[in-house]
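For reference, the structure discussed in these notes is given below.
The values are calculated or read from the model by the stated rules, or taken from the named source; none is laboratory data. Everything numeric here is computed off the predicted structure, so don't read it as measured data. Glycine also receives a Cβ, built like all others from the backbone with ideal geometry; neighbour counts cover every protein chain displayed.
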Amino acid sequence: MGEYVDATFSKNPSLFKSGVFLWSYLSSNSRERIYLYTMSEKQKLPIMEMFYSLQGEGFHSGKPAFFIRLAGCDVGCVWCDVKESWNAGDHEELSIDHIISEVEKAKADFVVITGGEPAMYDLNNLTNQLHNIGCYIAIETSGAYELNGTFDWVCLSPKKFKPPTISNYKLAQELKVIVLNKHDLSWCEEQRSLVKNKDCKFFLQPEWDKQEIMLPLIIDYVKSNTMWQVSLQTHKYMNIP
C-alpha cells in the first residue's frame, strides 16, 4: 500500500509506525486528527512552568489565563524577572499531549504562551491542539523571531537590542513597550510608527524596579498622547504568579 502514501508522509518513514500509511484512504477530518496525534506525540517543548492564574498586564489584564512559559531566550532583557527561563537546557521537555492535558485539568479557555522567547519554537502543533479543545490563544513575544503557529492575540513587546521582524509589526494586535528610562518615551513612538494594524492597542508599562520614577512620567505622557494606555504588572500587586 506504500504507493498510496501522501507525498508529505512518504518523506518520513517513521510516521508509518503510527499507521499513517492509511492516509490516502481517510477522510480529511480523520487525516487531520492522525496528523495532529502523530506530531503531538513526536514534538516536545522545553517548559519552565505552567500555571493557572490571572493575566496581570496589558490588554487582557484581569482575565483568568493558563500560562505556558517556554524556556529558552537569547534576547537578554536586563530587567527580565524570569532570567531562569533563558537556558532551555535547565528545564524539562514535555510532550504536546502532556501540555494539553494540563490545560484541560485547569478547565481553562484562555491560554497565554510566553517565555523566555516562545517564538524560538515551531508552535503550530501546540496551537492546533489548543484550538481543538476550544482555547483562545495569546502569545507574548519580543518579535525577534518569525511566529510559527496560529494565535488569536499577538502581544509584541519590542526590545532595542534585538528588534522585531517586519512581519511581526504587521501581526501585532497589542504593542507593549517597557519603559526603563525617559528615552523609551520617544523610542515608543518609533515602534508605534512601524505597526501596520490600525486596530492595534498601545501600552506603556513601567519597568517594575523603576516604576516610582517612571510611572508619573508615563501618566503625563499618556494624558498628552491619548493613543497610549498605561499597563501595570497587577499580578505583582496581587502577589500571584
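Of everything in the range 167-200, what is under 17 Å from the mean Cα position of the chain (by Cα) and surrounded by fewer than 18 Cβ atoms within 10 Å (Cβ to Cβ)? Give them in sequence order.
S167, K170, Q173 - these are the residues of the range 167-200 that are under 17 Å from the mean Cα position of the chain (by Cα) and surrounded by fewer than 18 Cβ atoms within 10 Å (Cβ to Cβ).
So how many residues does the range 84-96 have that are surrounded by 13 or more Cβ atoms within 10 Å (Cβ to Cβ) and of a type in the set (D, E, K, R)?
Here the count works out to 2.
If you take the residues of the range 215-229 that are touching a strand residue (DSSP E or B) at 6+ places or on another chain (Cβ under 6 Å) and either farther than 17 Å from Q191 by Cβ or touching a residue at least 24 places away in the same chain (Cβ under 8 Å) (or both), which of them is surrounded by the fewest Cβ atoms within 10 Å (Cβ to Cβ)?
M227
What number of residues within the range 33-74 are among the basic types (K, R), modelled with pLDDT of 95 or more and surrounded by fewer than 20 Cβ atoms within 10 Å (Cβ to Cβ)?
2
Kindly establish whether K210 is within 30 Å of M50 (Cβ to Cβ) and assigned to a helix (DSSP H, G or I).
Against the criterion (within 30 Å of M50 (Cβ to Cβ) and assigned to a helix (DSSP H, G or I)), K210 qualifies.
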